[in-house]
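All remarks here apply to the structure that follows.
Readers should treat all values here as calculations from the given coordinates under stated rules, not as data from a laboratory. These numbers were taken from a predicted model, which means no experiment stands behind them. Methodologically, a virtual Cβ is constructed for each residue, glycine included, from the backbone with ideal geometry; neighbour enumeration extends over all protein chains shown.
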Amino acid sequence: MRDLPIALLRTFVVVAETLNLTSAALRLHRAPSTISMQLNRLEALVAVELLQRGQYGVRLTHAGEQLKAHAQQLLNLHDRVLGSFRHAEVVGRVRFGTHDQYATRNLTPLLEAFVLSYPEASLEVLCDHRPEYLATCVAEGKLDLALAEMPVASGGGSRLFRDQLVWVRTDAHALHERMPLPLAVFVEGCLHRDSACAALAAAGIAYRIAFASQSRAGVLAAVRAGIGVGIVPRSTLEPDLRVIETLPALPATDITLFVADQVNEATRRLAQTIEASPQYRVGQ
């Protein structure tokens, strides 16, 4: 009976999540050709087709869907066991703050990897839509580190990369043609909301707050339901969202990592994990 190498399973899971060889290669720091060869080796070992490759990406076969669930369980167990030996000395509480648009998307695999790699550390995550509040919490010692979306050149923290706010809708709803313009936004204190209102006011465009929520999921549900136009960072666009180019331009933002002056080793390791990730690397 042939064993399935952990490295091949890890590559397969990333491809199964992204459904794109280029995106998977970026996350794994490997060339797309290397990713393709690893997938071919894995399919040869299990003697069944796992992926169907096409012009615009890949699709999991039925066997691929089955292997994805099993492979993720194996990887989690493997990483937890290895982490318990490699990083047993890394202990302590890590109080991390961020916007839920990152906690529920880009950060998910990083936080999962941290929890598995440092099982003796205790991670606590606070999601809040107010970037200045998160930065203040770090400064006042209420949080150990925070990943926040700040106004450009706002100062403080370490800038990881520059993003761009964009207006969004779905194909099913031409909300941008309605007047006053209905907005689906976060509650007061959100950089997205403040930027949108300022841009519309400067352009003399009437608007109304049609929907307000404290979560990205709530805002995007309202956009998809045709309740209002949304505002999101370009890096977090989802496939069914369409950028509206006819409305006033929105500002760029700096994705910034704030780390308290006095932190434990576990907090330093999480900060290093975020800074080393390709999606949060300066110049992206």
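In the elastic network of the chain, a GNM with C-alpha springs shorter than 10 Å, the most mobile of VAL138, VAL263, VAL58 is VAL58. The alpha-carbon atoms of region 70-202 define a convex hull whose volume equals 153 cubic angstrom per residue. In the calculated pair-distance distribution of region 6-82, the portion above 15 angstrom amounts to 52 percent of the Cα-Cα pairs.
Simple spin-label estimate for GLU275 and ASP3 gives 3.6 nm between the two label positions (7 Å along the Cα-to-Cβ direction from each Cα). With kT/(6 pi eta Rh) evaluated at 25 °C and eta = 0.890 mPa s, and Rh the Kirkwood radius from Cα pairs, region 163-253 diffuses with a coefficient of 193 µm²/s according to Stokes-Einstein. Of the residues ALA249, ALA217, THR61, the one whose Cα sits farthest towards the positive end of the charge dipole of the chain is THR61 (charges of +1 on Lys and Arg Cβ, -1 on Asp and Glu Cβ, taken about the Cα centre).
Sorted largest first, the spans of the alpha carbon positions of the chain along the three principal axes are 70, 49, 29 Å.
Could you calculate, for region 33-133, the ratio of the Cα radius of gyration to the Kirkwood radius, expressed as Rg to Rh?
Working: Rg = 18.1 Å, Rh = 16.5 Å.
Here Rg/Rh amounts to 1.09.
Please give the net charge around HIS129, taking every other residue with its beta carbon less than 13 angstrom from that of HIS129, where Lys and Arg add +1 and Asp and Glu add -1. Net of charged neighbours comes to -3. Mean-square fluctuations from a GNM of the chain, with a 10 angstrom spring cutoff on Cα atoms, peak among PHE96, PHE258, PHE211 at PHE211. Taking 0.36 nm per residue of sequence separation and removing the Cα-Cα distance, the GLU140/GLU120 pair yields an extension gain of 4.6 nm.
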